[in-house]
Amino acid sequence: MSKPSNGRVALVTGASRGIGRALALGLAAEGFDLVVNDIARQSADLDAVAGEIRDLGRKAFPLLADVSRKDEVVRMAGEALAQAGQVDAVVNNAGILISKPVDDLEESEWDAVLDVNAKGTFLVIQALLPHMKARRYGRIVNIASIGGKHGAPNQAHYSASKAAVMGFTRVLAQEVGPFGITANCICPGIIVTEMGRTNLADQANVDRWVAITALRRLGQPEDVAGPVCFLASDASAFVTGQSLNVCGGINLS
Ligand SMILES: NC(=O)c1ccc[n+]([C@@H]2O[C@H](COP(=O)([O-])OP(=O)(O)OC[C@H]3O[C@@H](n4cnc5c(N)ncnc54)[C@H](O)[C@@H]3O)[C@@H](O)[C@H]2O)c1
């Protein structure tokens, strides 16, 4: 059962599928109207998510943009404010994973992962900060990963990108705190999505991950929604600069 409107608007990047879709629907169920973003080739899926949000009784504004491109991000931010009127919460969820050992990694592959995961987060925040500062309110939730704290073989560049997101967020929290804006990270564990399947190639891999997870199961996209809704809400007003593991107890710190 969805809650009535809370008068707030959240923007979720990479929202056409996987964790981003679950976050958008979770926020809509909590009463947020939504600006949902993804890249052009995901347009049909993004429109479908917008339809699901409207079915929950909330407004949905689908906007296509590649978060690694400054010109596209600036345009998206302008369209978001023009169409939705305000943005109260920003959830930087768009991300990519290219699985390769350091020896074989192309420079272009390093750049692609860092550009989407780390630079994309920075560009979206920078484009919306003047608006949030002017309103002296904002909730920023950046989706990092437990891979940015520890990581696994073949994901050194991905781990570097997510560690960058956490470092960026810790300093951002200090810069924007005086304006009533909080900035936090969520660090998912192994979540069953298109990307998550990279870590779940065969049953032996699945069994290994489940065995080291305290809750003895893989995560579902919906498992990430509750913690993100909390950090996007007024209930988290005194929480900032934190990186919260949502991993079923793989990381225990
Ligand atoms: N699935 C996991 O196990 C897991 C674990 C830890 C962290 N994460 C993080 O969670 C986030 C969501 O991952 P997911 O598992 O849902 O993956 P996914 O591949 O299913 O979804 C990622 C979404 O981001 C979009 N996207 C990619 N590049 C983009 C760009 N340049 N601009 C805008 N959108 C773009 C994709 O089109 C896709 O819709 C990512 O940041 C990922 O790194 C996932």
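The values are calculated or read from the model by the stated rules, or taken from the named source; none is laboratory data. Treat the numbers as computed from the prediction; the structure is a model and nothing was measured. Using ideal geometry, Cβ is built from the backbone for each residue, glycine included, and neighbour counts are taken over all protein chains shown. Just so you know, the surface numbers come from the protein's heavy atoms only, side chains and all, with ligands and any DNA or RNA stripped out. Shrake-Rupley method; radii C 1.70, N 1.55, O 1.52, S 1.80 Å.
A few notes on this one:
- Of the residues making up segment 195-207, those that are within 14 Å of the ligand (Cβ to nearest atom) and either under 21 Å from Lys149 (Cβ atoms) or in a loop (DSSP other than H, G, I, E, B) (or both) number 7.
- Number of residues in segment 6-35 that are in contact with a Lys or Arg (Cβ under 7 Å, 6 or more places away or on another chain) and either open to solvent by less than 10 Å² (accessible area, probe 1.4 Å) or closer than 21 Å to Arg135 by Cα (or both) equals 6.
- If you go through segment 39-92 and pick out every residue that is touching a strand residue (DSSP E or B) at 6+ places or on another chain (Cβ under 6 Å) and either assigned to a strand (DSSP E or B) or among the basic types (Lys, Arg) (or both), you end up with 11.
- The condition of being at pLDDT 95 or above and either more than 15 Å from the ligand (Cβ to nearest atom) or touching a His at 6+ places or on another chain (Cβ under 6 Å) (or both) holds for only one of Leu105, Leu25, that being Leu105.
- Selection within segment 230-241 - touching a helix residue (DSSP H, G or I) at 6+ places or on another chain (Cβ under 8 Å), closer than 24 Å to Ala29 by Cβ and open to solvent by 20 Å² or more (accessible area, probe 1.4 Å): Phe230, Val239
- Residue in segment 197-223 that is most open to solvent (accessible area, probe 1.4 Å), counting only those that are in contact with a strand residue (DSSP E or B) (Cβ under 8 Å, 6 or more places away or on another chain) and within 14 Å of Ile250 (Cβ to Cβ): Asp223
- Residue in segment 85-102 that is away from the ligand (no atom under 15 Å from the Cβ) and charged (D, E, K, R) present: yes
- Of all the residues in segment 33-54, those that are near the ligand (Cβ under 9 Å from one of its atoms) and either within 20 Å of Met1 (Cα to Cα) or acidic (Asp, Glu) (or both) number 2.
- Residue in segment 36-56 that is at pLDDT 95 or above, open to solvent by less than 30 Å² (accessible area, probe 1.4 Å) and among the charged types (D, E, K, R) present: yes
- Against the test of being within 14 Å of the ligand (Cβ to nearest atom) and at pLDDT 95 or above, the options Val192, Val171 yield a single qualifying residue, Val192.
- Yes/no for Ala211 being more than 19 Å from Ser159 (Cα to Cα) and either under 16 Å from the mean Cα position of the chain (by Cα) or touching a residue at least 24 places away in the same chain (Cβ under 8 Å) (or both): no
- Yes/no for Gly180 being away from the ligand (no atom under 13 Å from the Cβ), free of Cβ contacts under 8 Å to residues at least 60 places away in the same chain and touching a Phe, Trp or Tyr at 6+ places or on another chain (Cβ under 6 Å): yes
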